[in-house]
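Structure, as structure tokens:
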Amino acid sequence: MKKVISVVTFLIILLFINFGFVSAEEADFNIQNLDVTVVNVDDLQLRQVGDKIELTSDKVKVLNVTHKQTLSTFARKSYTAGYEIEIPLGKNTVGEDRDVDGSSKYIAGVKAELYVDYDVSSNNEKIRVNRIYGSWKPDDIYYLISRKVGCHSGSGTGKLFQTDVSTNSFSYSLNWGYNVRLWGPLSPRAWSEAVSRVSGMSGTYLIKIEFPFS
């Protein structure tokens, strides 16, 4: 009987190590964490989107929310966290279908993805950011300039990374050591921004997405 109990206990521990359990922080990682700012550079009007507006088809659309535990051992837990969103910026005027009222069905814009891979120590008191990666996917009528990406492992006391990006996709290995894990407004955070333009036309937007990930 003792041998059976020992085997069952071993299997439970093995299951925990390999797959982990859904933690409270994973359950809380949702659209409410995401801040999206769109600045119309042409008329300098600022509007806040993301969790501050209804996510309807003619506004910012969240395509994917990712927060998954990829590894769990006695030493650490590993996570991937991030978002894929679609930011409508203007109507496509070339060959688009139209609704019955004559308005455009297809709204051109930019898709943006931003993800972070990080580890948390077994006692949940330290964090190590390993990689930041993502992309922008503009519709054909747009092109992007002034692309930037960054993250930190804790405001003030953690490590900071930020850089200009020369292409529409990026991946940076950070090779950071562990830092004290902070919470609330000081918690680790990632962001990206880009300016979208239409050649020879008005409609220039600064797009920024930002979120805390641990």
**Asked** Using 1/(1 + (r/R0)^6) with R0 = 30 angstrom and r between the beta carbons of A75 and L186, what's the FRET efficiency to the nearest 0.05?
**Response** 0.75
**Prompt:** If you average 1/r over every pair of different alpha-carbon atoms in region 134-187 and take one over that average, what Kirkwood value in Å do you get?
**Reply:** 13.3
**Asked** Each residue of region 138-151 in turn: what ³J(HN,Hα) in whole Hz from Karplus with 6.51, -1.76, 1.60 and θ = phi - 60°, glycine and Pro shown as x?
**Response** x, 5, 4, 6, 10, 9, 10, 9, 6, 7, 9, 8, x, 6
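Of K68/K137; K68/K111; K77/K111; K61/K148; K61/K159, which pairs sit farther than 27 Å apart, going by alpha carbon to alpha carbon? Each step should come with its number before you reach the end.
Numbers: K68/K137 24 Å; K68/K111 21 Å; K77/K111 30 Å; K61/K148 22 Å; K61/K159 31 Å.
Long pairs (Cα-Cα over 27 Å): K77/K111; K61/K159.
Report Rg/Rh for region 123-214, rounded to two decimals, where Rg is the Cα radius of gyration and Rh the Kirkwood radius. Intermediate values should be presented prior to the final figure.
Values: Rg = 15.6 Å, Rh = 14.5 Å.
Answer for region 123-214: 1.08.
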**Asked** To the nearest 20 debye, what is the magnitude of the charge dipole of region 119-214 about its Cα centre, counting +1 on the Cβ of each Lys and Arg and -1 on the Cβ of each Asp and Glu?
**Response** 220
**Prompt:** Residues with amide H under 5 Å of A108's amide H, sequence separation 5 or more or different chain, H placed in the peptide plane at 1.01 Å from N; which?
**Reply:** L89, G90, K91, N92
**Prompt:** Which GluC sites (Glu not before Pro) from region 125-214 combine a DSSP loop assignment with at most 11 other Cβ atoms within 10 Å?
**Reply:** E125
**Virtual spin-label span in nm between Y143 and L160, 7 Å along Cα→Cβ** = 3.2
**Asked** In terms of modelled amide H atoms, which long-range or inter-chain residues lie less than 5 Å from the amide H of K126?
**Response** S121, R181
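Rule-based calculations on the coordinates, nothing more; no lab input. This one's a predicted model, so the numbers in the text were calculated from it and none came from an experiment. Here Cβ is always computed from backbone atoms with ideal geometry, including for glycine, and neighbour counts include all displayed protein chains.
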